[in-house]
Amino acid sequence: MKKKPSILVIRHEKCSSLGLLETALRKQAVPFKYLDTPQGEVLLEPVNQYSHIIVLGGSMSAYEDQEHAFLRYEFKLLEDAIEQGISTLGICLGSQILATVLGAKVYRGEAGREAGWCDVQLLQSSATDPLLKEFPERFKVFQSHQDTFEIPSGCVHLARSEKYAHQAFRYQNHVWAMQFHLEIDENVLGDCAAVIDQELKDSNIQDTNLIQLLKDAKEHSPFVAPLANRFMHNFLELAR
């Protein structure tokens, strides 16, 4: 029997949100809850009270768990969720956390920060993927990361970009990790402007800036929005 959807969203920056992914939730009146683990928040109820989990991005690295105790808490929470078959999605840092939990290496990429609206290329494996099978073979989406991951053993590699080959993977039929941000439009980007601007400065990015990113967002997000809506619709359809 399919469980009535209820979403737990693990958030690492207070400015973050589900953004474009929220549209499908609101259309179907699916409840969701943010858990701000860096603020010390922990679940007071069993994780299996939720049908789905989404782990958002953040400015820290998945391998900095000795500095950030909340990451160790998330590792254990997600291990339990995966073992129980809860449908789980990791975005950016969230994807790197899932790679860690599934036993793969996460590390600083040699190609530097992938920043701005970038082309993502789906692999042939995505043609039958439950969430990505209706997507175009190539699309432009927001990215801001300099860490990358190896594809965990037993997982299906789903997407690549020119700068980083490992952009998405699936574990069994209930866990997805995506390095790119289907949720981000100009509104989400504006909310997290300070975080993104600092990342650009820390990475010494010279070929773009926050003003340009916001301008590009207005151009590209109308094309990302229906993809985000389709993806979340498919995600909600996953049976447990």
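Kindly identify the range 183-240 as rounded, prolate or oblate by the Cα gyration tensor criterion: order the square roots of the eigenvalues as a ≥ b ≥ c, call it rounded if a/c is under 1.5, otherwise compare a/b with b/c, prolate if a/b is larger, else oblate. Verdict is prolate for the range 183-240. Taking the number of Cβ atoms within 10 Å of each Cβ as an exposure proxy, the fewest-first ranking of I184, I53, I97 is I53, I97, I184. Among the cysteines of the chain, C92, C118, C155 have no other cysteine beta carbon within less than 4.7 Å of their own. In terms of the mean number of neighbouring beta-carbon atoms within 10 Å, the peptides 227-237, 197-207 order highest first as 227-237, 197-207.
Under a 10 Å cutoff between Cα atoms, tell me which one of Y73, Y164, Y50 has the largest fluctuation in the Gaussian network model of the chain. Between Y73, Y164, Y50, it is Y73 that shows the largest mean-square fluctuation.
When the chain is described by a simple charge dipole with +1 on each Lys and Arg Cβ and -1 on each Asp and Glu Cβ, the residue from Q84, L56, A111 located farthest towards its positive end is Q84. Going from the fewest other Cβ atoms within 10 Å to the most, the residues F223, F139 appear in the order F223, F139.
Rank by packing, highest mean first: peptides 28-35, 54-61, with packing defined as the count of other Cβ atoms within 10 Å averaged across residues. Please report the intermediate quantities before stating the final value.
On the way: 28-35: 13.8, 54-61: 22.5.
Averaged packing, sorted descending, gives the order 54-61, 28-35.
Tell me, S153, S125 in order of fewest to most beta-carbon neighbours within 10 Å? Walk me through the intermediate numbers first.
Details: S153 9, S125 15.
Ascending number of Cβ neighbours within 10 Å: S153, S125.
Among residues other than K76 whose Cβ falls under 14 Å from its Cβ, what is the net charge (Lys/Arg +1, Asp/Glu -1)? Display every interim value, and only then the final one.
Details: positive: R72; negative: D65, E74, E79, D80, E83.
With Lys, Arg at +1 and Asp, Glu at -1, the neighbours total -4.
Taking the DSSP beta bridges in the chain as the whole, what percent of them are antiparallel, to the nearest 5? Provide the component values of the computation, followed by the final result.
Details: 22 of 39 bridges.
Among the beta bridges of the chain, antiparallel pairing accounts for roughly 55 percent.
Highest average first, the peptides 89-96, 168-175 ordered by how many other beta carbon atoms sit within 10 Å of their residues are 89-96, 168-175.
So if I place +1 on the C-beta of Lys and Arg and -1 on the C-beta of Asp and Glu, and nothing else carries charge, what would the dipole magnitude of the range 7-236 be about its Cα centre? I want it in debye, nearest 20.
Working: 20 positive and 31 negative charges, 103 e Å.
Dipole about the Cα centre, nearest 20: 500 debye.
Within the same chain, aspartates and glutamates fewer than 8 places from K163 are excluded, and of the rest, those with a Cα less than 20 Å from its Cα are E110, E114, D119, E137, D147, E150, E199, D202, D207, D216.
Bear in mind that the values in this text are calculations on the coordinates, not laboratory data. Model, not experiment: these values are computed from the prediction. We place every Cβ from the backbone using ideal geometry, glycine too, and count neighbours over all the protein chains shown.
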